[in-house]
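Below: one structure, written as structure tokens.
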Amino acid sequence: MGLMSQYIKSWRAGDTAFWRGPFGDFFYKPNQYGELLMLAAGTGLAPMVPILQSITDNADDETFVTLVCCFKTFDSIYLKTFLQEQARFWNVRIFFVLSQENSLEQLPWSYREKTHFGRLGLDLMEELVACCRRKPFALVCGSPEFTEDMVKCLLCAGLAKDSYFLF
């Protein structure tokens, strides 16, 4: 579990949270990359959202996006409506990887074709990289363990060290 997920899990009804930011060194420019391969675990989805939104809000941005959202269960996926809306754009594909689910029949019909079970590992990463429509640049955000695993998988799948950014 990442730091932000641990923090959010400790909240109780009525708690107040103060936010600053966003912070970071990744600055997206329209059409800078042929395809963004976004790998997000839990609250690691947060930095992907404004980038994805900026792409779909800009009719001149032809960047392809493959977003992979890793959660424990279907019920733990947040922003479902937003993600479903974004997946309707011609240049956006969204997949889910659920580590604590194992039955497609328990998922809504609209999620069945784009959901994988278990953990995001090398086999699925190679499949995702291979099905990218253009040379991908990867964005990774999640727990330290998730990030470390994704870097290994990306390198094994053929991406160069300068072809990914870690939040």
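No other residue among A59, A13, A40, A17 is modelled with pLDDT of 95 or more and assigned to a loop (DSSP other than H, G, I, E, B) apart from A59. Only one of the numbered conditions (1) under 17 Å from the mean Cα position of the chain (by Cα); (2) open to solvent by less than 50 Å² (accessible area, probe 1.4 Å) is not met by T81, and that is (2). Consider the stretch 54-77 and keep the residues that are closer than 17 Å to S143 by Cα and of a type in the set (S, T, Y). The one that is surrounded by the most Cβ atoms within 10 Å (Cβ to Cβ) is S76. When each of A130, A157 is tested for being more than 16 Å from the chain's Cα centre (by Cα) and surrounded by 17 or more Cβ atoms within 10 Å (Cβ to Cβ), the lone residue that passes is A157. For the stretch 99-111, the criterion of a residue being out of contact with any Ser or Thr (no Cβ under 7 Å at 6 or more places or on another chain), modelled with pLDDT of 95 or more and surrounded by 13 or more Cβ atoms within 10 Å (Cβ to Cβ) is satisfied by at least one position. Pairs linking a residue in the stretch 80-97 that is more than 23 Å from D60 (Cβ to Cβ) and modelled with pLDDT of 95 or more to a residue that is open to solvent by 30 Å² or more (accessible area, probe 1.4 Å) and assigned to a strand (DSSP E or B), with Cβ atoms under 8 Å and 6 or more positions apart or on different chains, are F95/H116; F96/H116; V97/H116; V97/F117.
Candidates are the residues of the stretch 37-53 that are open to solvent by 50 Å² or more (accessible area, probe 1.4 Å) and without any contact (Cβ under 8 Å) to a residue 60 or more places away in the chain; the one that is farthest from G142 (Cα to Cα) is Q53.
The values are calculated or read from the model by the stated rules, or taken from the named source; none is laboratory data. Since this is a predicted model, take the numbers as computed values, not measurements. Cβ: placed from backbone, ideal geometry, glycine included. Neighbour counts: every protein chain shown. These accessible areas exclude ligands, DNA and RNA; they are computed on the full protein's heavy atoms, side chains included. Shrake-Rupley method; radii C 1.70, N 1.55, O 1.52, S 1.80 Å.
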